[in-house]
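The values are calculated or read from the model by the stated rules, or taken from the named source; none is laboratory data. Nothing here was measured: the structure is a model prediction, and the numbers come from that model. Cβ: placed from backbone, ideal geometry, glycine included. Neighbour counts: every protein chain shown. Surface accessibility is based on the protein's heavy atoms, side chains included, excluding ligands, DNA and RNA. Shrake-Rupley method; radii C 1.70, N 1.55, O 1.52, S 1.80 Å.
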Amino acid sequence: MAIPVANTPDFPALLRLTDERSAAFRAAITAAPSLDARVPTCPDWTLLDLAHHLGGVHRRWAAIVAADSSDVPSVGKPSDIGAGAPREREALLAWSAESTEHLLGALRAAGPDRGCWTWWGTSESPQTSGAVARHQLQEAAVHTYDAQATLGTPQPLPDEAALDGVDEFLSTCCATTEAWPHKPATVEYHATEGRSWRLSLSGDGARTTHLPTPDAPDASARGTASDLVLALYARIPLDSLQLQGDRQHFDLLASWEPE
């Protein structure tokens, strides 16, 4: 069950922010001298590949939400969906905008509480269309950063998206009922904007808590909410943050892949 989070954007705000970040993504595509430019934060991809990927993600999750089913979806991977997308810039931009509207339209029709399949079944995040909306905001926000980085002009994630992004990453990608395979530890993340989170790692799994809590952690990281999200998604080096305690815990977390 998801832990209630103060100041988490409501469902309409999640859709608005996703729309805004997707528009910012297309602005970067429009401004790029070449769609063949390598994406420094995703070095295996060109900017064209990145655009195909994000559009494929939007269309795939639109289909999953619209299916209204907890079964594993039969829709293809984002790479399969994006493979047939336009390569010429103007047509690509139109396809991208249409992809975003497919996603937003499916989410609007579903509302925040409809159950649907997700890959994060053992996490603290619920398997609902609202949780999908939350995660899709982070997809759009981080990939917009990727596109801007390709142009040499990366911008911090907007505060509203970034603050929720730290919580969303920890509760969806880290928190789990699967056993932590190393010695128990606590790791904290502190945003300079005034929000803090603790991740408790043990044989019972990984659990997120919103601070303050009384005990000292084994390791902690401090930075802006945007930098925390970008470090969690490996877009900037962990050393960009203010680290305290045993750094090994962060390295172990980065390599941990719970089912």
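Worth pointing out:
- Size of electric dipole in the range 107-221: Cβ of Lys, Arg +1 and of Asp, Glu -1, about Cα centre, debye, nearest 20: 200
- Gyration tensor (alpha-carbon) shape descriptor, the range 80-179, a/c threshold 1.5: oblate
- Shape category assigned to the range 110-259 from the gyration tensor of Cα positions, a/c cut at 1.5: oblate
- Sites counted here are trypsin sites (Lys or Arg not before Pro) in a DSSP loop (not H, G, I, E or B) having no more than 14 other Cβ atoms within 10 Å; the longest part of the chain that contains none of them is 88-246.
- Carbon/sulfur fraction of accessible area - the chain, other protein chains in place, 1.4 Å, %: 51
- Applying 1/(1 + (r/R0)^6) with r as the Cβ-Cβ distance of Lys77 and Asp215 and R0 = 25 angstrom yields a FRET efficiency of 0.05.
- When you filter the GluC sites (Glu not before Pro) in the range 79-183 for DSSP loop state and at most 12 other Cβ atoms inside 10 Å of their Cβ, you are left with Glu88.
- Accessible area per residue, Å², the chain with all protein chains present, probe 1.4 Å: 45
- Accessible-area order (highest first, 1.4 angstrom probe) of the listed residues Thr144, Thr122: Thr122, Thr144
- Taken one residue at a time, the phi angles of the range 238-249 give Karplus couplings (6.51, -1.76, 1.60, θ = phi - 60°) of 4, 5, 5, 8, 7, 9, 9, x, 7, 4, 4, 4 Hz. Gly and Pro are set to x.
- Residues whose amide H comes within less than 5 Å of that of Asp204, counting only those at least five positions distant or on another chain, are Trp180 (H built at 1.01 Å from N in the peptide plane).
- In sequence order, calculated HN-Hα J values of the range 82-96 (Karplus, 6.51, -1.76, 1.60; Hz; x Gly/Pro): x, 4, x, 6, x, 10, 7, 4, 4, 5, 5, 4, 5, 5, 5
- Residue (of Ala106, Ser96, Ser125) at the positive-pole extreme of the chain, dipole from beta-carbon charges: Ser96
- Distance histogram for the chain (every C-alpha pair counted, 10 angstrom bins, percent rounded to whole numbers): 7, 30, 35, 23, 5, 0
- Whole-Hz ³J(HN,Hα) from phi, Karplus 6.51 cos²θ - 1.76 cosθ + 1.60, for the range 178-189, glycine and proline x: 6, 5, 6, x, 10, 5, x, 7, 10, 10, 10, 10
- Which of Gln138, Ala85, Ala66, positive extreme of dipole for the range 64-173 (C-beta unit charges): Ala85
- Under 5 Å between amide hydrogens, built in the peptide plane, is the criterion, and for Leu211 it picks out Ser196, Trp197, Arg198 among residues at least 5 positions away or on other chains.
- Cα gyration tensor shape of the range 1-87, rounded if a/c is under 1.5, else prolate or oblate by comparing a/b with b/c: oblate
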